[in-house]
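Data first, discussion second: the structure below is written as structure tokens.
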Amino acid sequence: MMLARKDLLGLRDVSAQEITLILDTAAQMKHLLSSSNKKSNHLTGKSIVTLFYENSTRTRMSFELASKYMSAVAANISASGSSVAKGETLIDTGRTLDAMGTDLIIIRHPMSGAPHILAKHTRAGIINAGDGMNEHPTQALLDMMTMREHFGGLEGLKVAIVGDILHSRVARSNMWGLTTMGAKVVWAGPRTLMPPASDKLPVECTDCVEDAVRQADVVMALRIQQERMEGGLIPSLREYHSVYGINAERLAMAKPGALLMHPGPMNRGVEVASNIADGDQSVINAQVTSGVAVRMAVMFLLTRRGER
Ligand code: CP
């Protein structure tokens with residue numbers, strides 16, 4: 001089975017069947033990463049462009065490596081080095097890449113909805129690599145892959161997502177994906193960092209971290225996104241860490257053997273204590289490995305759309 005869709009813009013409208021297909025495909029592809037010959041023909045003849053208007057280490061590099069491992073022709077554009085800096089619009093940039101025969105465009109953009117605009121105006125498939133405060137679907141897929149590898153499934157898990165929920169596209173994509181797969185999601189953080197109308201979303205919300213992590217199977221700490229804060233949302237990073245940071249004492253309130261996750265990049269000593277980030281329960285590096293496998297699967301499935 002293949003995906004029927006042209007684009008992956010978010011997980012809000014992705015079915016449990018599609019998520020399972022992506023995770024199963026990623027699990028099959030993951031062996032390539034530990035092989036001495038990291039080369040397959042899954043994307044031979046396909047052209048992939050990463051178009052990043054915001055900084056990235058993990059997402060951009062994993063898409064680029066995944067493209068190359070699968071024999072695609074891969075190229076990168078950063079906003080500062082492209083004609084965007086001369087005033088070219090996003091739509092014109094997309095049409096230009098279309099005219100060059102690009103099959104997939106991977107876009108990260110500070111504006112929520114930018115990938116959706118691009119998708120409407122391009123023949124190429126669009127993968128959202130993070131848009132503003134909206135979604136980061138491949139991050140949630142790699143998080144789900146990491147959880148599924150550990151627990152064997154996602155249904156019935158309690159996942160506590162703690163920190164700067166307001167600015168987090170990771171929190172939103174995980175909420176949509178995990179609840180579709182039958183997990184329970186609890187968001188915890190200061191009220192100033194909780195999105196408005198979150199009571200209408202399929203999550204439980206609290207400003208008490210201890211309540212959120214108690215009996216959780218997974219504790220996911222989120223980065224404090226100071227670059228998206230106009231000031232005054234938290235008193236100080238030190239105070240934030242003492243009230244909301246994940247430390248050994250708080251992690252011990254979760255189920256025995258609970259996983260500690262973080263999408264990265266991490267602010268050690270702010271949202272997560274350094275000793276547990278490097279501890280036995282941390283799967284932060286495993287998340288990065290899952291990221292390459294998930295991106296291989298998504299690009300493969302989107303470029304084969306329509307095939308059975
Ligand atoms: N998790 C994540 O999106 O990391 P980067 O910003 O490094 O891509």
Check your understanding: Rounded, prolate or oblate: which fits segment 1-91 when a ≥ b ≥ c are the square roots of the eigenvalues of the alpha-carbon gyration tensor, with rounded for a/c under 1.5 and prolate only if a/b beats b/c?
Key -> oblate
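Over segment 137-283, what percent of the accessible surface lies on carbon and sulfur atoms, probe 1.4 Å?
Numbers: 2860 of 5910 Å².
The value for segment 137-283 is 48 percent carbon and sulfur by accessible area.
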Practice item. Work out the length of the dipole vector of the chain about its Cα centre, built from +1 on the beta-carbon of each Lys and Arg and -1 on the beta-carbon of each Asp and Glu, and round it to the nearest 20 debye. Key: 880 debye
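Return a whole-number percent for the relative contact order of the chain, with Cα pairs under 8 Å and 6 or more residues apart as the contact set. Mind showing how you got there, number by number?
Values: 603 pairs, mean separation 69.7, N = 308.
Worked out over the chain, it gives 23 percent.
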Revision key, fill the gap. For LYS158, the lysines lying under 23 Å Cα to Cα, once residues fewer than eight places off in the same chain are dropped, come out as LYS184, LYS200, LYS255
Practice item. Can you grab the distance from the C-alpha centre of segment 189-211 to the C-alpha centre of segment 241-266, Å, no decimals? Key: 17 Å
Point to revise | Computed magnitude of the charge dipole of segment 1-49 (debye, nearest 20; Cβ of K, R +1, Cβ of D, E -1) | key: 240 debye
Point to revise | Value of [θ]222 nm, deg cm²/dmol, for the chain, DSSP H segments ≥ 4, -39500 (n - 2.57) each, nearest 500 | key: -10500 deg cm²/dmol
Point to revise | With all protein chains modelled, accessible area of GLU204 [1.4 Å, Å²] | key: 100 Å²
Exercise for review: At 1.4 Å probe size, with every protein chain present, just tell me what the per residue accessible area of the chain comes to in Å².
Suggested key: 42 Å²
Check your understanding: Hey, what do the phi angles of segment 96-106 turn into as Karplus ³J(HN,Hα) couplings, whole Hz, using 6.51/-1.76/1.60 and θ = phi - 60°, x for Gly and Pro?
Key -> 5, 5, 4, 5, 8, x, 5, 8, 9, 10, 9
Review point. Taking +1 at the Cβ of each Lys and Arg and -1 at the Cβ of each Asp and Glu, which of SER274, MET220, PHE300 sits farthest along the dipole of segment 154-308 towards its positive end, judged by Cα position relative to the Cα centre?
Key: PHE300
Study note, to complete from the structure: For the chain, the longest principal axis of the Cα atoms and the Cα long axis of helix 284-303 enclose an angle in degrees, to the nearest 10, of 30 degrees
Exercise for review: Among GLY177, PRO110, HIS150, flag the residue with its Cα farthest along the positive direction of the charge dipole of segment 98-229, charges on Cβ as +1 for Lys/Arg and -1 for Asp/Glu.
Suggested key: PRO110
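Can you compute the charge dipole magnitude of segment 155-308 about its Cα centre, using +1 on each Lys and Arg Cβ and -1 on each Asp and Glu Cβ, nothing else charged? Give it in debye, rounded to the nearest 20.
Around 600 debye, computed over segment 155-308.
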Study note, to complete from the structure: Heavy-atom accessible area of GLU135, protein chains in place, probe 1.4 angstrom, given in Å² to nearest 10, is 10 Å²
Exercise for review: List, in order, the whole-Hz ³J(HN,Hα) value for each residue of segment 12-25 obtained from phi through the Karplus relation with A = 6.51, B = -1.76, C = 1.60 and θ = phi - 60°; use x for Gly and Pro.
Suggested key: 4, 10, 9, 7, 4, 5, 5, 4, 4, 4, 5, 5, 5, 5
Study note, to complete from the structure: Of the residues CYS208, LEU3, ALA254, the Cα lying farthest along the dipole of the chain towards its positive end, which is defined by charges on the beta carbon of Lys, Arg, Asp and Glu, belongs to LEU3
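The values are calculated or read from the model by the stated rules, or taken from the named source; none is laboratory data. Keep in mind it's a predicted model, so treat the numbers as computed, not measured. Positions of Cβ are generated from backbone atoms using ideal geometry, with glycine treated the same way; all protein chains shown enter the neighbour counts. Each accessible area value is taken on the protein alone, full model and side chains, heavy atoms only, with ligands, DNA and RNA left out. Shrake-Rupley method; radii C 1.70, N 1.55, O 1.52, S 1.80 Å.
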